[in-house]
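Student: The structure is given below, and queries will be raised subsequently.
Bear in mind that the values in this text are calculations on the coordinates, not laboratory data. Everything quoted here is computed from the prediction, not taken from an experiment. Here the Cβ is made from the backbone with ideal geometry for all residues, glycine too, and neighbour counts use every protein chain on show.
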Amino acid sequence: MPTRIFARVLMFGAFLALPAAASAQATLGGGVPGEPTRGDSSGWVAPTGPAPRLPNGKPDFTGVWDHPYVNNMSASNRNPAVQKGAGELPYTPAGLANIQAYDPEKNGDYTGMCMPFGLTRSMNSPYPIQIMQSDKHIAFMFEQSTWFHVVPFSNEHPAEINPTWFGHSIAKWTGDTLVIDTVGFNGFTRLDTKGNPHSDKLHVVQTFKHNDAGHVAYTITIEDPVYYTKPWTNERTFTLSNGELLEYSCEENNRSLWEGRIKIWQVPGSEPLRKR
């Protein structure tokens, strides 16, 4: 196995074994939470000229994008231009009780079972995202666990949505700003590594706007009446990379799981696992 890919797998095991406190994670995913995490020794500098456009005249976000690692969406990077958190989150009583009770080492965490991170936690992850775009769709290819999320350009969600880990997204344009609206979550995931909760009533709105050819201003707004009293927003800057996505293997060498340091996670409400 190539060294770079082996390191990616090994890091995942360590990433899940640590407590959810931000201080414990400052050493993971590139060093400083909220900063782009992939170094480049080739001397590559992201372009700063006019943003590219598709034949239809709309901004073109195609490319591989480095982005901040955000393990706590309420906290800001030391340089807020890189990543600005929402500050103290407006928890409902249920939300406060949920985050206070969150203990991934004691109670398990779905990511330790290689289940899908979900939309927000994938966007928060330390690894690059490749965007592929056409007039009809925009697709997000996550290096994190090799997941993808394909979004059609549409004016409205379907009347009936099958709840999923990543939810159902539609893309729209507001001038030159790409807006992605997502509902239909199954409620199994968490918003970030700290464990900030969400329910199946979660509504996520993401915006992407080119600052220039090599940088994108990104916002993500969270609305969930079960766990938060009002919507709140996190802001980031994405930077164009000249690299490619690496293969990410989740389970292999995840020693924290099969040596018992991470408890096996179960779908909420499911029956206990049977022991032979």
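Student: May I ask you to list the lysines whose Cα is less than 26 Å away from that of Lys58, ignoring any residue fewer than eight positions away on the same chain?
Tutor: Excluding near neighbours in sequence, the set is Lys136, Lys172, Lys209.
Student: Test of understanding: what is the full-extension gain from Ala213 to Met132, defined as 0.36 nm times their sequence separation minus their Cα-Cα distance?
Tutor: Additional length available on full extension: 27.6 nm.
Student: Something else now. Work out the FRET efficiency for Asn56 and Thr229 from their Cβ-Cβ distance, taking R0 = 35 Å, and round it to the nearest 0.05.
Tutor: 0.30
Student: Just how far, in whole angstrom, is segment 149-212 from segment 234-249 if you go by their alpha carbon centroids?
Tutor: 19 Å
Student: A follow-up question, please. Run the quick spin-label model on Thr92 and Thr164: label points 7 Å from Cα toward the beta carbon, then report their separation in nm to one decimal.
Tutor: 2.6 nm
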